[in-house]
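Structure, as structure tokens:
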Amino acid sequence: MFQYATDVMSSPATIAAHIQDVSGDPALYPNAFFNQVANGTLPNVSIIQPSGFVDGHPATSKLDLWEGFVQKIITSVQAQPALWNSTAIILIFDEGGGYYDSGYVQPLDYFGDGTRMPSLIISPYTTGGNVYHGYADHVSIDKFIERNWNLPPISGRSRDNLPNPRTLLNPYVPINSPAIDDLFGAFHFGRPWTAN
């Protein structure tokens, strides 16, 4: 029998097993993110939401505090070669932070799509300093996870069912709209990238 996510996530045992803090005493919080990094026991996917003090939102934080938080995550994962060799860290901004540009916004459905947001992908399988031009949004992370682990879309009507974009001259404007990228074009999985 299928259970809705709200039913599953209303179980205290499920919440305790899957929603962890970022850090804490390893004896009390063995599944906290930084403890799992130190132990080399991260799950296949970890989603981290910073606290309001370090999230970079202008109303409650500063961008340099968010950058410090992100740097701690990256350096801790890179310090564990077995983890780093199979990791992609995808950083996204919340559109509420005001850090966006005025580029093309694709009309996806009744609700449209949000303004373009900067995002970063840090991985040994990406080439640093390059701009990836695929039309992506927050759903691209779902599509990446689904493709990487051969999982079905979330539902029959969710945006992760949309095809990957095809483009002509303007790399940001899909000719097969509505379309959302799965981010695979930003990677080269044949071998890790190394600086010369």
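The values are calculated or read from the model by the stated rules, or taken from the named source; none is laboratory data. The shown structure was predicted, so the numbers you read here are calculated from the model rather than taken from an experiment. Note: ideal-geometry Cβ built from the backbone for every residue, glycine included; neighbour counts use all protein chains shown.
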Quick check: anything in region 165-178 closer than 21 Å to residue 74 by Cβ, touching a residue at least 40 places away in the same chain (Cβ under 8 Å), assigned to a loop (DSSP other than H, G, I, E, B) and β-branched (Val, Ile, Thr)? no
I'd like to know if region 103-118 contains one or more residues that are closer than 25 Å to residue 46 by Cβ, surrounded by 13 or more Cβ atoms within 10 Å (Cβ to Cβ), at pLDDT 90 or above and not polar (S, T, N, Q). no
Output the number of residues of region 18-41 satisfying the condition of being touching a residue at least 24 places away in the same chain (Cβ under 8 Å) and part of a loop (DSSP other than H, G, I, E, B). 2
Show the residue pairs meeting these rules: Cβ distance below 7 Å; 6+ apart or different chains; first residue within region 128-154 and in contact (Cβ under 8 Å) with a residue 12 or more places away in the chain; second residue surrounded by 15 or more Cβ atoms within 10 Å (Cβ to Cβ) and of a type in the set (S, T, N, Q). 135/106
Test residue 128 against the criterion of being exposed (fewer than 14 other Cβ atoms within 10 Å of the Cβ) and at pLDDT below 90, and give yes or no. yes
Could you tell me whether any residue of region 109-121 is polar (S, T, N, Q) and assigned to a loop (DSSP other than H, G, I, E, B)? yes
Scan 45, 77 and give me the residue that is surrounded by fewer than 16 Cβ atoms within 10 Å (Cβ to Cβ) and closer than 21 Å to residue 187 by Cα. 45
Members of region 142-162 that are within 19 Å of the chain's Cα centre (by Cα) and assigned to a loop (DSSP other than H, G, I, E, B): 149, 150, 151, 152, 153, 154, 158, 162
